[in-house]
Amino acid sequence: MMATFKANRGNLMQHWTLCELLGVLKQQFPGKHLGYFDAYAMAPFSQPPQDSNPTRREFDNARRRLLRPGRSTVYEQAWGRLSRFNGLPYPSSVVFVTDLWNGPLSMSLCEICPERAKELRGWLGGLNYPNLRSCSVHSCDWRNVRGFPPADVLLVQFDPN
């Protein structure tokens, strides 16, 4: 069964900001080795829950814009490229990072849910990213992980909640 996510403003805010930040980092540090640490990595792809959420309307409106020609933001372009069916299943932060960063990359991903951690490992096993220097998936609370991935530039992400 595929993981679910809230499909709300928080997802839009988190990933739009992440994509813009990656663009800035690529300009400021071209070709540099990025270290990405995600404290709440989540499954690589998720579906929205079946229940109706009042803030889901904003998410669905943004998702419908992917169908229109002329997507202008890096986030919308990446989202449309990464999702097969009109923006779903929805990509997680690590999927956006591997899509948008084209230089050397090392990652340390924390996911406390064993099923999601297993999904992450499976997805990473099939990932075709020639510049991936190292990657570890930790099935534990991020506070139990020592150190960050080796890199010239370090990006640390925590869930906005």
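The values are calculated or read from the model by the stated rules, or taken from the named source; none is laboratory data. Since this is a predicted model, take the numbers as computed values, not measurements. Cβ coordinates were reconstructed from backbone atoms using ideal geometry, including for glycine residues, and neighbour counts include every protein chain displayed. Accessible surface is based on the protein model in full, side chains and every heavy atom, while ligands, DNA and RNA are left aside. Shrake-Rupley method; radii C 1.70, N 1.55, O 1.52, S 1.80 Å.
Each of ARG121 and ASN53 was given a label point 7 Å from its Cα along the Cα-to-Cβ line. The distance between the two points is 2.8 nm. Given a cut-off of 21 Å, what percent of all Cα-Cα pairs of segment 3-77 lie beyond it? Result: 40 percent of Cα pairs exceed 21 Å.
Any chance you could run the full-extension gain for ASN61 through SER134? It's 0.36 nm times the residue separation minus the Cα-Cα distance, nm to one decimal.
Answer, rounded to one decimal: 22.6 nm.
With one equal scatterer per alpha carbon and no solvent term, the Debye-computed log10 I(q)/I(0) for segment 86-130 at 0.22, 0.28 1/Å reads -0.90, -1.26.
In plain terms, the bigger the Kirkwood radius, the slower the diffusion; for the chain, with that radius from Cα pairs, at 10 °C and 1.306 mPa s, Stokes-Einstein puts D at 98 µm²/s. Counting only aspartates and glutamates at least 8 places from LYS26 when in the same chain, those with an alpha carbon closer than 20 Å to its own are ASP38, GLU76, ASP99, ASP152. Judged by the mean number of other Cβ atoms found within 10 Å, the most tightly packed of the peptides 140-152, 31-43 leads the ranking 31-43, 140-152. Here the simple spin-label model places points 7 Å from the Cα toward Cβ, and for VAL156 and ASN144 these points are separated by 1.9 nm.
Under a model in which nothing but the beta-carbon of Lys, Arg (+1) and Asp, Glu (-1) is charged, the chain shows a dipole of about 360 debye around its Cα centre.
In degrees, nearest 10, range 0 to 90: what is the angle between the Cα axis of helix 56-65 and the longest Cα principal axis of the chain? Tilt relative to the chain: about 90 degrees. On segment 10-111, 53 percent of the accessible area sits on carbon and sulfur atoms, based on a 1.4 Å probe.
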